[in-house]
Amino acid sequence: AAVDQELMRLWNRLQNPPPEMHCNSLLKRHLTQELFDDLKHKKTRFGGTLKDCIRSGCENVDSGVGIYACDPDGYTVFAPVLDAVIKDYHKVDKLNHPEPDFGEEKVDFPNLDPSGEMIVSTRVRVGRSHDSYGFPPVLSKEDRIDMEKKTVEALKTLKDDLKGTYYPLEGMSKEDQKKLTEDHFLFNDSDRFLRAAGGYDDWPTGRGIFHTDDKKFLAWVNEEDHMRFISMQMGGDLKEVYKRLVKAIRELEKKLTFAKRDGLGYLTFCPSNLGTTLRASVHIKIPKLAATPDFKAFCDKYNIQARGIHGEHTESVGGVYDISNKRRLGLTEYEAILEMKNGVEAVIKKEKELS
Ligand code: ADP
Ligand code: CIR
């Protein structure tokens, strides 16, 4: 069969990236000519192809990861390249992700910043997928509307401190969207990596946000993942934030079936989010540490990642960084939270030493 012309264009771009663009992605590292030839004609049972998986990383050769799974079946069909990327990103030799363990009964840590001087806010999120649908590159407008309906039905059953309202993006005023985004509650369509991956197709259809009145529990519908569940609040009370999220997950899994795979854990669009899918973060003022030349090495040592104040691929403002656990696969939810907690404690100690 003739190889798709568009796929060849993308592949050639990855081989000969524009000179001004740094190309160091996990895609570039692991998609060899041999693997490319082996995978270029394959199709998943959702109709997903290699092109769907690598488009973002080829258009944006400066990607960190550079590959997405076209759909849940993509993790099987394109395993030769995806498994290598997953192992590299999460720093594991084997794909034997453990069964979920949130460790609710063990969670008993004090406020990470009792003085309230350094930590602005704390947030924990997980991603979940409906097991019967593909990911953005293979979804139709109807799929997006169906999934939104399913998700919102489940969210509307939440009670007490998790009881909230669903606000579809369609029909939301520009001012409300802007305010919610600036306040770190809502997503937008400004990520060029996600755009190239098909993440904004049919925008804004099927997208929306659910939140409690106090905005401490939120759910994103059909952003990068089918579902993102978020718990957040001002200050450094990680225990309260985490416990709220676990409670919500426990309730929602009674109503919905989430896509999950032996060895990979919960399935997500981006391989960096597999496993626990958990990202626990603080917004923290660390102007001194962040200005040192070995800030990146310091983060690597503790398996934490620094992002800007408006999320991935954004800049810090006023020395405030988003510090979170980097690994999500190959450890339990409880261990991922501990990794973040230890990292944040080390960051605080170091910043104080430098002051
Ligand atoms: P995600 O966490 O969903 O992978 P992003 O890095 O894009 O994706 O962050 C999503 C949003 O969450 C952004 O608006 C970001 O500013 C906000 N955010 C992340 N961590 C915190 C935090 N600890 N406190 C407040 N807002 C946060
Ligand atoms: C990249 O490769 O840099 C982007 N595709 C983002 C990768 C990880 N982030 C994400 O999934 N949000």
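The values are calculated or read from the model by the stated rules, or taken from the named source; none is laboratory data. All values derive from a computational prediction rather than experimental measurement. Positions of Cβ are generated from backbone atoms using ideal geometry, with glycine treated the same way; all protein chains shown enter the neighbour counts. For accessibility, only protein heavy atoms count, side chains too; no ligands or nucleic acids. Shrake-Rupley method; radii C 1.70, N 1.55, O 1.52, S 1.80 Å.
One table, with the values for the structure above:
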read-out: Some residue of segment 173-191 being on the phi > 0 side of the Ramachandran plot and within 14 Å of ligand 1 (Cβ to nearest atom); value: yes
read-out: Search result, residues across segment 309-355 that are open to solvent by 40 Å² or more (accessible area, probe 1.4 Å), of a type outside the set (D, E, K, R) and away from ligand 2 (no atom under 16 Å from the Cβ); value: 317, 318, 321, 338, 342, 354, 355
read-out: Exclusive hit being in a loop (DSSP other than H, G, I, E, B) and either under 19 Å from the mean Cα position of the chain (by Cα) or free of Cβ contacts under 8 Å to residues at least 24 places away in the same chain (or both), set 65, 61; value: 65
read-out: Some residue of segment 164-178 being among the acidic types (Asp, Glu) and farther than 29 Å from residue 316 by Cβ; value: yes
read-out: Test for residue 208: is it more than 22 Å from residue 232 (Cβ to Cβ) and either surrounded by 19 or more Cβ atoms within 10 Å (Cβ to Cβ) or in contact with a Ser or Thr (Cβ under 7 Å, 6 or more places away or on another chain) (or both); value: no
read-out: Of all residues making up segment 257-275, the number that are within 16 Å of ligand 1 (Cβ to nearest atom), of a type in the set (Gly, Ala, Ser) and either more than 23 Å from residue 219 (Cα to Cα) or in a helix (DSSP H, G or I) (or both); value: 1
read-out: Selection within segment 10-45 - open to solvent by 70 Å² or more (accessible area, probe 1.4 Å), in contact (Cβ under 8 Å) with a residue 40 or more places away in the chain and more than 13 Å from ligand 2 (Cβ to nearest atom); value: 38, 41
read-out: Enumeration of residues in segment 193-228 that are outside any loop (DSSP other than H, G, I, E, B), more than 16 Å from ligand 2 (Cβ to nearest atom) and not hydroxyl-bearing (Ser, Thr, Tyr); value: 208, 209, 210, 211, 217, 218, 219, 221
read-out: Any hit, segment 105-112, residues being touching a Lys or Arg at 6+ places or on another chain (Cβ under 9 Å), aliphatic (A, V, I, L, M) and either open to solvent by less than 60 Å² (accessible area, probe 1.4 Å) or over 24 Å from residue 248 (Cβ atoms) (or both); value: yes
read-out: Flag if residue 63 is more than 16 Å from ligand 2 (Cβ to nearest atom) and out of contact with any Pro (no Cβ under 6 Å at 6 or more places or on another chain); value: no
read-out: Matching residues in segment 212-244 - criterion: being among the aromatic types (Phe, Trp, Tyr), in contact (Cβ under 8 Å) with a residue 60 or more places away in the chain and farther than 18 Å from residue 113 by Cα; value: 229
read-out: Considering residues of segment 140-184 that are more than 22 Å from the chain's Cα centre (by Cα) and in a strand (DSSP E or B) only, the residue nearest to ligand 2 (Cβ to nearest atom); value: 164
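Yes/no per residue for (1) within 15 Å of ligand 2 (Cβ to nearest atom); (2) in a helix (DSSP H, G or I):
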site: 47; (1), (2): no, no
site: 52; (1), (2): yes, yes
site: 70; (1), (2): yes, no
site: 99; (1), (2): no, no
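Residue-wise test of (1) farther than 20 Å from residue 327 by Cα; (2) at pLDDT 95 or above; (3) outside any helix (DSSP H, G or I); (4) open to solvent by 10 Å² or more (accessible area, probe 1.4 Å).
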| site | (1), (2), (3), (4) |
| --- | --- |
| 230 | no, yes, yes, no |
| 233 | yes, yes, yes, yes |
| 240 | yes, yes, no, yes |
| 244 | yes, yes, no, yes |
| 247 | yes, yes, no, yes |
| 250 | yes, yes, no, yes |
| 254 | yes, yes, yes, yes |
| 277 | no, yes, yes, no |
| 282 | no, yes, yes, no |
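Every residue, every condition in (1) assigned to a helix (DSSP H, G or I); (2) more than 28 Å from residue 247 (Cβ to Cβ); (3) within 15 Å of ligand 1 (Cβ to nearest atom), yes or no:
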| site | (1), (2), (3) |
| --- | --- |
| 306 | no, yes, yes |
| 313 | no, yes, yes |
| 327 | no, no, yes |
| 342 | yes, no, no |
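Here's the yes/no breakdown for (1) of a type in the set (Ser, Thr, Tyr); (2) at negative phi; (3) more than 13 Å from ligand 2 (Cβ to nearest atom):
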residue: 268; (1), (2), (3): yes, yes, no
residue: 276; (1), (2), (3): yes, yes, yes
residue: 283; (1), (2), (3): no, yes, yes
residue: 300; (1), (2), (3): no, yes, yes
residue: 307; (1), (2), (3): no, yes, no
